[in-house]
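The values are calculated or read from the model by the stated rules, or taken from the named source; none is laboratory data. Bear in mind the structure is a predicted one, so any value in this text is a computation, not a measurement. Methodologically, a virtual Cβ is constructed for each residue, glycine included, from the backbone with ideal geometry; neighbour enumeration extends over all protein chains shown. Ligands, DNA and RNA are excluded from the accessible area calculation, which covers all protein heavy atoms including side chains. Shrake-Rupley method; radii C 1.70, N 1.55, O 1.52, S 1.80 Å.
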Amino acid sequence: LQEILESGAPILSHQVQYSLIDQRPAARMAQLCEQRGVRLLAYGAVAGGLLAERWLGQPEPSRRRLETASQQKYHQMIEAWGGWGLFQELLITLYGVARKHDVSLSAIAVSFALEQPAVAGVIVGARLGASQHIAETARALSVTLDDEDHERISAITRRANDLFAVIGDVGDEYRR
């Protein structure tokens, strides 16, 4: 993105994976975007549906149990981030924050992504007839996480691996 901006191309937005699990844009991308007036569109905020009550207290799923390629991708991210055990601790924490705000755990994940510097919006996927959560996702817009919420969440995420250091700025699928 920096090279493109330096070439003079007028970039207004940049779509990146950004979530409680994958905070790589915070390493350098968000600052660059803020400096250059580029807004981030975050995808992956609910990790393909893994950041949801459905997975709370569940044993680590086999590849066969993961329903979509997206879930398989984010499961790999969770493994690199810190594993299923730490992920379960995150889900428990998010569930407590969600109860406090009377929303779903996924809404807290979306709200977190929306609060990040340079983020203009969050792209939440839906599968027509399979996973339509329009009303609940919209409730994320009414949530303001307070200092206590942020501390509870960061107490878990601080213990995770730094994905920027582990896998770099982009995943293997984008390397030549």
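Just a few scattered comments:
- Placing dummy labels 7 Å off each Cα toward the beta-carbon, the span from residue 164 to residue 134 is 3.7 nm.
- Loop-located trypsin sites (Lys or Arg not before Pro) in the stretch 70-129 whose Cβ has at most 14 other Cβ within 10 Å (DSSP): 127
- Matching the structure-derived mean projected area of the Cα convex hull in nm² against the labelled list (1) 10.9; (2) 10.0; (3) 13.1 gives the label (1).
- Debye, to nearest 20: dipole size of the stretch 50-101, +1 on Lys, Arg Cβ, -1 on Asp, Glu Cβ: 140 debye
- Helix 69-81 and the longest principal axis of the C-alpha atoms of the chain enclose an angle of approximately 90°.
- Rolling a 1.4 Å probe over the heavy atoms of the protein chains gives the stretch 1-132 an accessible area of 49 Å² per residue.
- Considering only 92, 69, 38, and ranking their Cα positions along the charge dipole of the chain that arises from unit charges at the beta-carbon of Lys, Arg, Asp and Glu, the one farthest toward the positive end is 69.
- Annotation for the stretch 12-64: trypsin sites (Lys or Arg not before Pro) lying in DSSP loop with at most 16 further Cβ atoms inside 10 Å of their Cβ are 28.
- Cβ-based charge dipole, the stretch 1-94, positive-most Cα from 83, 2, 26: 83
- With contributions of -39500 (n - 2.57) from each DSSP H run of at least four residues, the per-residue ellipticity at 222 nm computed over the chain stands at -13000 deg cm²/dmol.
- Loop-located GluC sites (Glu not before Pro) in the stretch 25-104 whose Cβ has at most 14 other Cβ within 10 Å (DSSP): 67
- Each peptide in 101-114, 1-14 was scored by the mean count of other Cβ atoms within 10 Å over its residues; highest first, the order is 101-114, 1-14.
- A simple charge model with +1 on the Cβ of Lys and Arg, -1 on the Cβ of Asp and Glu and nothing else charged puts the dipole of the chain at about 480 debye relative to its Cα centre.
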